[in-house]
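Taking it in order: structure first as structure tokens, then the write-up.
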Amino acid sequence: MNPDSLAGAIAGLPDDQATGALVQVRGSAGAWSGVSGTSDLSTGAPVPANAHFRIGSITKTFTAVVVLQLAAERRIDLDAPVQRYLPGLLPASYPEITIAQLLNHTSGLPGVDLPGDPQWIVDHRYTVFTPQQVLATAFRHEPVFAPGAQQQYTNTNYLVAGLLIEKITHRSYGEEVRDRILRPLGLRDTSVPGNNPNLPAPYSHGYQVVNGQLVDLTRMNQSIPWAAGEMISTADDLDKFLIALFRGRLVPDPVLQRMFTVPDVKIHGSADPAIYSQGLMTSTVNGVTVWGKTGSRYGYTNGIWATRDLQRRVVYSINTTDKGFEGQPEIVQKIALAIGGL
């Protein structure tokens, strides 16, 4: 790990892709934290090192942990069909889909079908949707492929998983996340906001390009992604979460191994092998295999990654200005190279 290279990787913000960045690296090679850019374009204030940010699809890992805990408690069978626990939720024409197939995105369920243009998002930033309303937009369509045959990442799977948690526990999925993960680990800066559009201070503002102009979307209801992407956290809390998860404090063996097992299928529409396990994803960079999760919301592109032995760990949050940008922004690639294999 080269601190100068890391600082250089996030230098030069704001630019045309991002307004700010926050990176935290931990492990056997030492620790490094850095920020770049501004947290507020109107004031030019720096990015706080302890900033709260919308973690997006990293929420899925928290949701998966709760589902896997319920399996470890023998309250659900991961290889049983979703229809057994949530009768009537999926269209009658759909085939049986297992809970495990939800978690590793091999269900074949179609994606959420809401308008994706930024102006629609701005117009509906405070609109409250129920999970059932969001799922109804997906269930207008037929399954994409036979369950278990391929892998296609979609929020639909984790919206169903959130409803499953609520059906089994008779409590909100957010309460289960708080009681099973946040409180036991002391993650005081991590929250499930529900319909509260605010971010706790300190935070960096999140911006999105709309019709050629930057619009501040920091305040925004997160009911559309819900159990698939609504949570808020900090770099310190996410690092603590990674450590506890990988060490088996949250999910016991042998269930934990499901989080580090990728199905032997191809990604839908591609010859590439699957990359998602039940709650995590994997990548190999410069010969080093890492596990973690990426996640984005408008104004926030994030990632948590670690080697299985936790000897290299990174958490980052980049205040990107276009959620429609394909793939991870260039700054993320620079961070990975600076860390030297992670």
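The number of residues in the stretch 209-243 being out of contact with any Lys or Arg (no Cβ under 8 Å at 6 or more places or on another chain), free of Cβ contacts under 8 Å to residues at least 60 places away in the same chain and assigned to a helix (DSSP H, G or I) comes to 1.
State all residues of the stretch 244-264 that are part of a loop (DSSP other than H, G, I, E, B) and either buried (at least 17 other Cβ atoms within 10 Å of the Cβ) or without any contact (Cβ under 8 Å) to a residue 40 or more places away in the chain (or both); if no residue qualifies, say none. Outline the logic, then answer.
Going residue by residue through the stretch 244-264, those that are part of a loop (DSSP other than H, G, I, E, B) are 247-254, 261-264.
Within the stretch 244-264, GLY248, LEU250, VAL251, ASP253, PRO254, THR261, VAL262, PRO263, ASP264 meet the criteria.
Counting the residues of the stretch 15-43 that are touching a residue at least 40 places away in the same chain (Cβ under 8 Å) and over 18 Å from ALA235 (Cβ atoms) gives 5.
Reported count of residues in the stretch 175-193, each being assigned to a helix (DSSP H, G or I), under 17 Å from the mean Cα position of the chain (by Cα) and within 14 Å of LYS240 (Cα to Cα), is 2. If I filter the stretch 285-300 for residues that are aliphatic (A, V, I, L, M), more than 22 Å from GLN328 (Cβ to Cβ) and surrounded by fewer than 22 Cβ atoms within 10 Å (Cβ to Cβ), do I get at least one hit? No: the stretch 285-300 contains no residue that is aliphatic (A, V, I, L, M), more than 22 Å from GLN328 (Cβ to Cβ) and surrounded by fewer than 22 Cβ atoms within 10 Å (Cβ to Cβ).
Among the residues of the stretch 109-121, those identified as surrounded by fewer than 17 Cβ atoms within 10 Å (Cβ to Cβ) and not in a loop (DSSP other than H, G, I, E, B) are GLN119, TRP120. Among the residues of the stretch 187-228, just one is on the phi > 0 side of the Ramachandran plot and crowded, with 18+ Cβ neighbours inside 10 Å, namely TRP226.
With within 29 Å of SER233 (Cβ to Cβ), among the basic types (Lys, Arg) and free of Cβ contacts under 8 Å to residues at least 12 places away in the same chain as the only criterion, which of ARG178, ARG171 stands out?
Working: ARG178 fails: free of Cβ contacts under 8 Å to residues at least 12 places away in the same chain.
After ruling out the rest, the residue left standing is ARG171.
The set of residues from the stretch 154-179 being farther than 21 Å from ASN104 by Cα and of a type in the set (Lys, Arg) comprises ARG171, ARG178. When you look at THR307, is it touching a residue at least 12 places away in the same chain (Cβ under 8 Å) and not small (Gly, Ala, Ser), yes or no? Considered against the rule, which asks whether it is touching a residue at least 12 places away in the same chain (Cβ under 8 Å) and not small (Gly, Ala, Ser), THR307 comes out as yes.
For the stretch 93-108, a residue qualifies if it is surrounded by 16 or more Cβ atoms within 10 Å (Cβ to Cβ) and among the hydroxyl-bearing types (Ser, Thr, Tyr), and the qualifying residues are TYR94, THR98, THR106, SER107. Where helices (runs of 4 or more DSSP H) fall entirely within the stretch 1-92, those with at least 2 residues that are buried (at least 24 other Cβ atoms within 10 Å of the Cβ) are at 59-72.
Bear in mind these aren't lab numbers, they're just calculated from the coordinates by the rules spelled out. Here the structure is a predicted model, which is why all the values come from computation and not from measurement. We place every Cβ from the backbone using ideal geometry, glycine too, and count neighbours over all the protein chains shown.
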